[in-house]
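The values are calculated or read from the model by the stated rules, or taken from the named source; none is laboratory data. These figures come from a predicted structure and were not determined experimentally. Cβ atoms come from the backbone with ideal geometry, glycine included; neighbour counts cover every protein chain shown. Side chains are part of the model used for accessible areas, which takes the heavy atoms of the whole protein and leaves out ligands, DNA and RNA. Shrake-Rupley method; radii C 1.70, N 1.55, O 1.52, S 1.80 Å.
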Amino acid sequence: MTELSPKRRKRSSSIWEYFSQNENQSICNECGKTFQASSSTSSLRYHFTKHHGASVSGPLSTFETSKSHALLAKFIAKTCVSPHVIDDPSFQNFVLYLQPKWTTCNSDKLKLSLIPALKKQIETTMKEHLKKTKYVSLALDRWIGLAEDSYLSIAVHGVSKAFHLESFTLEVRPFPLEEQNPHAVANLVEDTLGRWGISMMNVVAGTSDDVCGFQPAVRDALGLTWVQCAARAIQHSVQVGLEDAIVAPVLQHGKEICKFFRSTAKAAKMLQAQQKLLGVEVKRLKVMKGDRSGSAYRMMKRLLANRETITVSLLQLASAKDIGAPPPHDLNADEWLILEHTLQVLGPLHEAMEFISTERQPTIAFVSPIVDRLLTYHLVSNDMDPAFPRALKELVGSALSKQWMLRVDTLPDVFLLAIYLDIRLKDFAFVNGEAAQKALIKRADSVLTQLYTQCVEASGGSREDMDISGSVGSVNNVASVVSVTPDKTTSEQIDIDGTGPAPIASPPAPVSTDPSTSSSSSSSCSTASPSQVEKLSGLYGDLAKASAGPDDMEVVTNEMESYRKKKAAAFAVVGKITDPFLWWRMRRTKFPILAKLARRYLCVLATSVPSEHIIPKNGWILGKRRGVGSTGITCETVFISSNFSFASFGK
């Protein structure tokens, strides 16, 4: 009789992905340790968990070298670390300790293969998002590296169907001197937009600083409405104040004092001892760096906070020995007073600039009241002001007024709609004078009514996109729409957001489960901390304190009439900040046509700060230790880091 071999049990446990087995043994694939073939999977699991630092309570994933290399490329691009880090033996030993199966990857493979592949994947995802965002605004910016080489960034901003403001950095490239003219800039922009499939007819406006021919490139060559970067306008006016003939020498003297206490060990220890003795917060003095207004503000603030400790320390150090360089003279009473007045005048501008620079939704309506309050409140002298701060306010106010282009009397129609469609400022409350407010509301309502009428009449026309141009007006110049008489409107289709014809508003059902038709006004707010609400009050004044009007969810038979009757929402209500994008998102079924128009014009930003966020990344890549890096890898890395939100994780 033939002897039957024992039946082997089915290997269904996930632990066998990390163990191999022959007739007599089970072998760990990580370290090679052998176990008897009869050993239970629990014993094998215990060994793997204890000796290889991995939890195997659930299904185990198989290690893939290609996936690990892709994740490494994402890490390098996201953090802007030098690619040569992975060539260091200590880094490779560290990774091999964590995963012995890892196949080393050098910087050449990273730069020539992995980074380009990651960039291509991000570009694909960005194009998918851009297809859903028909209208965009343009943002241009330039910066200079440590090696005095210029770079240009071209970005666009659009509002998605879910009413999220999205930013896309389309191009990061070298920007040589011969290209820094309006014609060359316009060509670069058109080429870039063409590669991304963005039509110039769908670009609403362009935001930039007034350098390198950006303004004439946007306004004249490209035919767009140009928006002066508000943050740069404020920064320029602050710099004018810092360069004042009275302020500049005092700042230089203060800088010498700060450098002395930072560079002399004995002086630094003495200052620290005086800070503890007098109950002042122990902090090092700040030193102003070049023409960076932010560093000048922090230096002045730290100097004034340590006035007594500095005076006492300098007196003691005057008779001390072995301190190296002789201590500088202390600021006299007049210089301390000038420093104090300068900080008082420029402080609100610094806070405004910092607030705008950190805001992720710096719309026209969000920024305009801030600048207006600076011009009409903070930089306006009163009878109690001494001669110097009065003169400084006049100097800085004049500089800001020349830089800031959004004058009420010459407000472009694109900006008019961008403000009117922001529920917080549809009443133009930041404008002085009731008559001026009513005039702007009337003008904005007229422009919006013309567009709304065109959309309604075109909804029954052809399915092709309507080219809003010529006598019918242009999306880039809404002013021409106002001059159109009703008999000149077209029956062609207006595809507002690339999703088909705009529907005619119809009354919703009496009962709806759609949150957009049943949410209260509080659903249009995002939570704000008490410090944020307090900062809003300082920046916006009474606008931030006003209470919101009742936000009933009545049945809408006419969008324009309903929106016309709605009261403006407050900036902050009971510790919450009103979000205009969220407001429209919750009412897009109630205002189907106006919601699409809001997507078009709320994408116009009053600052190029979102695109300027890549400047620090460039500084990380081209730091002092990497000032002569490859231009190609620099641009690719900055591009990836700026658009990292579009990267697919774990792939």
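Just one of the listed residues (Ala233, Ala248) is of a type in the set (A, V, I, L, M) and closer than 17 Å to Met299 by Cβ, and it is Ala248.
Every residue, every condition in (1) more than 17 Å from Ala568 (Cβ to Cβ); (2) touching a strand residue (DSSP E or B) at 6+ places or on another chain (Cβ under 6 Å); (3) among the aliphatic types (A, V, I, L, M), yes or no:
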{"position": "Asp372", "(1), (2), (3)": "no, no, no"}
{"position": "Ala387", "(1), (2), (3)": "yes, no, yes"}
{"position": "Leu395", "(1), (2), (3)": "yes, no, yes"}
{"position": "Leu400", "(1), (2), (3)": "yes, no, yes"}
{"position": "Gln403", "(1), (2), (3)": "yes, no, no"}
{"position": "Val414", "(1), (2), (3)": "yes, yes, yes"}
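Annotation note: Cβ proximity below 7 Å between a residue of the range 41-62 that is modelled with pLDDT under 75 and among the aliphatic types (A, V, I, L, M) and a residue that is outside any helix (DSSP H, G or I) and open to solvent by less than 30 Å² (accessible area, probe 1.4 Å) (sequence gap 6+ or interchain) occurs for Leu60/Tyr18.
One line per residue, one yes/no per condition, for (1) open to solvent by less than 10 Å² (accessible area, probe 1.4 Å); (2) in contact (Cβ under 8 Å) with a residue 40 or more places away in the chain; (3) among the aromatic types (Phe, Trp, Tyr):
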{"site": "Glu340", "(1), (2), (3)": "no, no, no"}
{"site": "Leu343", "(1), (2), (3)": "no, yes, no"}
{"site": "Met353", "(1), (2), (3)": "no, yes, no"}
{"site": "Pro362", "(1), (2), (3)": "yes, yes, no"}
{"site": "Ser368", "(1), (2), (3)": "yes, yes, no"}
{"site": "Phe415", "(1), (2), (3)": "yes, yes, yes"}
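If you go through the range 283-307 and keep only what is of a type outside the set (Phe, Trp, Tyr), under 14 Å from Glu340 (Cβ atoms) and open to solvent by 20 Å² or more (accessible area, probe 1.4 Å), you end up with Lys301, Arg302, Leu304, Ala305, Arg307. Using beta carbons and a limit of 6 Å, which pairs, at least six apart or on different chains, have the first residue in the range 192-220 and in contact (Cβ under 8 Å) with a residue 24 or more places away in the chain and the second one open to solvent by 40 Å² or more (accessible area, probe 1.4 Å) and assigned to a helix (DSSP H, G or I)? Qualifying pairs under 6 Å: Asp209/Arg232; Gly213/Pro182; Pro216/Pro182; Ala217/Pro182. Annotation note: of Val380, Val312, the sole residue that is over 29 Å from the mean Cα position of the chain (by Cα) and in contact (Cβ under 8 Å) with a residue 24 or more places away in the chain is Val312.
Kindly check whether there is at least one residue in the range 131-143 that is at pLDDT below 85, farther than 30 Å from Thr65 by Cα, of a type outside the set (Asp, Glu) and open to solvent by 10 Å² or more (accessible area, probe 1.4 Å). The answer is yes; a qualifying residue exists. Of all the residues in the range 73-105, those that are crowded, with 18+ Cβ neighbours inside 10 Å and not in a loop (DSSP other than H, G, I, E, B) number 6. No other residue among Phe388, Phe415, Phe428 is outside any helix (DSSP H, G or I) and either aromatic (Phe, Trp, Tyr) or in contact with a His (Cβ under 8 Å, 6 or more places away or on another chain) (or both) apart from Phe428. Of all residues in the range 441-459, those that are assigned to a helix (DSSP H, G or I) have Cβ atoms under 8 Å from Cβ atoms of residues that are among the hydroxyl-bearing types (Ser, Thr, Tyr) and open to solvent by 40 Å² or more (accessible area, probe 1.4 Å), 6 or more apart or on another chain, in Glu457/Ser491; Ala458/Ser491.
The listed residues are Ala429, Ala399, and the only one of them that is surrounded by fewer than 22 Cβ atoms within 10 Å (Cβ to Cβ) and more than 22 Å from Arg292 (Cα to Cα) turns out to be Ala429.
For the range 106-116, a residue qualifies if it is over 12 Å from Ala77 (Cα atoms) and assigned to a helix (DSSP H, G or I), and the qualifying residues are Ser107, Asp108, Lys109, Leu112, Ser113.
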